[in-house]
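Taken together, the values in this text are just the output of simple stated rules run on the coordinates, not laboratory data. Just so it is clear, the model here is predicted, and its values are computed rather than measured. Here the Cβ positions follow ideal geometry from the backbone for every residue, glycine too, while neighbour counts run over all protein chains shown.
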Amino acid sequence: DATDVPIAIPDDNAAGVTSTIAVAGDGTVASLAVSLNIDHTWRGDLEAFVTSPSGTSSRLFNSVSDSADNVNWTFLTNAFWGENPQGVWQITVADVFTIDTGTWNSYSVTANMGQLIEAVPGDADYDGDVDLSDLSILAANYGRTDDGLWKLGDFDLDFDVDLSDLGALATHYALGEA
């Protein structure tokens, strides 16, 4: 949770106000949840961004024609997938139109961690190995291009299940990637 809020949001100022929060530890970010609590008399004036320690920025929301008051929402972004969370994160809230004003009351950030898993060509069931069950999936979908199921077995990503996919499966099976 942030300690430098509440803070007034300057009216009609695209730079807005920025709060920082330091994150210790390491790992791999899968997604980031940012909860914002803002009192404002025209929330459509507002926009918000989050920036990672490595400089990646993600828009949480954009100014729109919304005359309702206040923001008390949680936003989820996958823009930081694969990044290390350690360092100083920045959250920026801006009021980009005139007249209405507000206060940024609080926020919290939750980094959902994950583990990157390298895809293995030929692993149609995503269990980490190439085996006979993958051959069964490929055989069941061989020649398909008609719907989303063709993706199971399309290892060369050419939008159909054909002999080149069987070749990819056979190669990785023979290499012992099981």
Any idea which of 104, 132, 53 is furthest toward the positive side of the dipole for the chain, if Lys and Arg beta-carbons carry +1 and Asp and Glu beta-carbons -1? 104
How are the alpha carbon pair distances in the chain distributed across 10 Å bins from zero to the largest one, expressed in percent? 10, 28, 18, 16, 16, 11, 1
Leading residue at positive end of dipole, the chain (Cβ point charges), from 68, 80, 32: 68
If you average the sequence gap of Cα pairs under 8 Å that are 6 or more apart and divide by the length of the chain, what percent do you get for the contact order? 26
Mind jotting down a quarter of the surface of the convex hull over the alpha carbons of the stretch 23-105, in square nanometres, one decimal? 5.4
Let's see if you can work this out: charge +1 on each Lys and Arg Cβ, -1 on each Asp and Glu Cβ, no other charges. What is the dipole magnitude of the stretch 1-123 about its Cα centre, in debye to the nearest 20? 180
Cβ-Cβ FRET estimate between residue 113 and residue 142, R0 fixed at 30 Å, reported to 0.05: 0.20
